[in-house]
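The values are calculated or read from the model by the stated rules, or taken from the named source; none is laboratory data. None of the values given here were measured: they were computed from a predicted structure. Note that each Cβ is placed from the backbone with ideal geometry, even for glycine, and that neighbours are counted across all protein chains shown. Each accessible area value is taken on the protein alone, full model and side chains, heavy atoms only, with ligands, DNA and RNA left out. Shrake-Rupley method; radii C 1.70, N 1.55, O 1.52, S 1.80 Å.
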Amino acid sequence: MTAAAQFLPAARRSKRMNPARWGLYAFIFITALYFLLPLYVMVVTSLKPMAEIRQGNLLALPMSPSVDAWVKAWTSACTGLTCQGIRIGFFNSVRILVPSVAISILVGSLTGYALSLWRVRGANILFGAMMVVAFIPYQLFIYPLVRVFSFAGLGQSLLTIVIIHTIFGLPTMTLLFRNYFASLPVELFKAARVDGAGFYQIYARIMMPMATPMVVVAVILQTTGIWNDFILGLVFAGRDNLPMTVQLNNIVNSTQGERAYNVDMAATLLTALLPLAVYFGSGRWFVRGIAAGAVKG
Amino acid sequence: MRLSLNSRLSAFSALLPALLVMLVVYVGATSWTVWMSLTNSRMLPNNNFVGLRQYEMLLGNDRWITSVHNIVIYGVLLVSLALVVGFLLAVAIDQRVRAEDTIRSIYLYPYSMSFIVTGLVWQWLLNPTLGIQHVLRSWGFEGATFDWIVRPETAIYCLVIAGVWQASGLVMAIMLAGLRGVDEEIWKAARVDGLPKWRVYVSIIVPMMGASFATAAVLLSTGVVRLYDLSVSMTNGGPGIASEVPAKFVMDHLFERANIGLATAAATTMLITVIAVVAPYLYWRARKGGMR
């Protein structure tokens, strides 16, 4: 760095451009293009009429942009049997998502709380076991669980899929809250006990209000995870509750005749919209969620 | 502090769901699946013990062999490519670049999307008639061929392309956290010694980041064994059976081909693979102190 550079104001004293820096920015630019390309192509394809798509200008901007494909994807795209659009799947996913996120966080936080602050016998064994089983692929449980739920009279239903999401979210949620509660000063907990507060009182009045940041992380993690789920929804939700991912796959992959690529891409974007909104809206919280839930496969 | 009977009952009641899930779902269902793999169950489960017959059948099953072959190719390529790409992205971002937050968001956003969405987008991009191949030709590269997705011998590599696109951001996030944890003193010492930057990365930083690499590799590997949605949405296992994977083999034999014995034998084989990957990692982490 030259002597003159030292006298520049701090804001402008960022690294100077030299060949290595140019190379660095070129690398970042090209890799960023690779990551953005699919999103860009999705958007432009969804806004083009089929006549334009058939000409084959994949990367070109739409000449006469229209939202017809979006309307069709939402209201009248066919999923094999019915032609009511992907909105059916959207509302199914919302109905699955809301109770699943709430219940899995409730159960997970309670388990994490009991495992961290209360010295229950065997707590470490239970926790260790939960972390190990989180790695087992779903294929090991799916068939027995189908049998158990049909034996219990629940079959494939909204309740079944909510229970399933709670079960498979439990290890990550427990890990998240256990580690958070274990990091709080234990005096807080002791003081509450001396004042005569019971197990559930301390949980509801003291611990959960303090755990707001973890609840945010848990909501982000569970919302994206459950929204993006395909296999569990396919097996456990039942025909009337199929989530958006399953309907999307049916719309795109079970078409007869010529594919309506614009409708396909509009439906795909609609399905990706919620996780994208959560991701771009939450910023660093999303990364925090990944780091905290990194144990889950 | 001793717990009163009342608190102990409360704590136990709070742990009841977790205990039930562990016993019924994880231990119970897994054991039942393993037991089924030793029977000749077809459409309905039965208890006729046939030893390892289903595993013999599995080894003679073309589709299973293809699935295993594919998952090995996918696994090796995905893990190594995602680790390399993710690490390079993290190093690039760590050079105090401008608009760091924006760049990081661009690298990571694919990870927020489902495998179904990922598979469908790449299916469209790799479509030989109107996709990237067509674009290359229209740019004047007349002989350009990029029709991997319709060729049986290359279809699996298309899944790798999509998988790397989706997962590299995750590796980048893990690596960046590791790089930010490197002691500033090391950089100062290296500068005093006049070491070029790349040498510092290769000889000092990479060996120091063993934990980050291990975490990322295990996360990616467990994702590899589970791979299902991507194969379903992108190629549906095709052309023919060219891009079938083990998880799909299990699902299809459970729900479409009504062959529970064979499906559970395949699932058990997946379990053994996961144990082989994860057990050394968990042992290593437990020895390093605590599950964190």
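When A:V246, A:V219 are checked against the criterion of being in a helix (DSSP H, G or I), open to solvent by less than 10 Å² (accessible area, probe 1.4 Å) and out of contact with any His (no Cβ under 7 Å at 6 or more places or on another chain), a single residue qualifies: A:V246. If the condition is being touching a residue at least 40 places away in the same chain (Cβ under 8 Å), touching a helix residue (DSSP H, G or I) at 6+ places or on another chain (Cβ under 6 Å) and among the hydrophobic types (A, V, I, L, M, F, W, C), then segment B:13-56 contributes B:V34, B:M36. Does A:V148 meet the test of being of a type outside the set (K, R) and in contact (Cβ under 8 Å) with a residue 12 or more places away in the chain? Here the answer is no, as A:V148 does not meet what is asked.
When the criteria are applied in full, A:L269 fails the requirement of being assigned to a helix (DSSP H, G or I), under 16 Å from A:L97 (Cα atoms) and more than 8 Å from chain B (Cβ to nearest Cβ). Take the residues in segment A:224-253 that are more than 10 Å from chain B (Cβ to nearest Cβ) and among the small types (G, A, S), then tell me which one is farthest from the chain's Cα centre (by Cα). The qualifying residue farthest from the chain's Cα centre (by Cα) is A:G238.
Taking segment B:198-227 as the range and being touching a residue at least 40 places away in the same chain (Cβ under 8 Å) and either under 19 Å from A:N228 (Cα atoms) or touching a Phe, Trp or Tyr at 6+ places or on another chain (Cβ under 7 Å) (or both) as the test, the residues that pass are B:A214, B:V218, B:L219, B:L220, B:T222, B:G223, B:V224, B:V225, B:L227. Counting only helices (runs of 4 or more DSSP H) that fall entirely inside segment B:2-117 and contain at least 2 residues that are at the interface with chain A (Cβ under 9 Å from one of its Cβ atoms) and in contact with a Gly (Cβ under 8 Å, 6 or more places away or on another chain), the qualifying elements are B:5-20, B:100-108.
On the given criteria, is A:F181 touching a Ser or Thr at 6+ places or on another chain (Cβ under 9 Å), closer than 24 Å to B:A265 by Cα and outside any loop (DSSP other than H, G, I, E, B)? No: the conditions fail for A:F181. For segment B:133-154, a tally of residues being within 23 Å of B:G240 (Cβ to Cβ) and either free of Cβ contacts under 8 Å to residues at least 40 places away in the same chain or among the basic types (K, R) (or both) returns 7. Of the helices (runs of 4 or more DSSP H) lying entirely inside segment A:1-80, those carrying at least 1 residues that are β-branched (V, I, T) and modelled with pLDDT of 90 or more are A:19-47, A:68-75.
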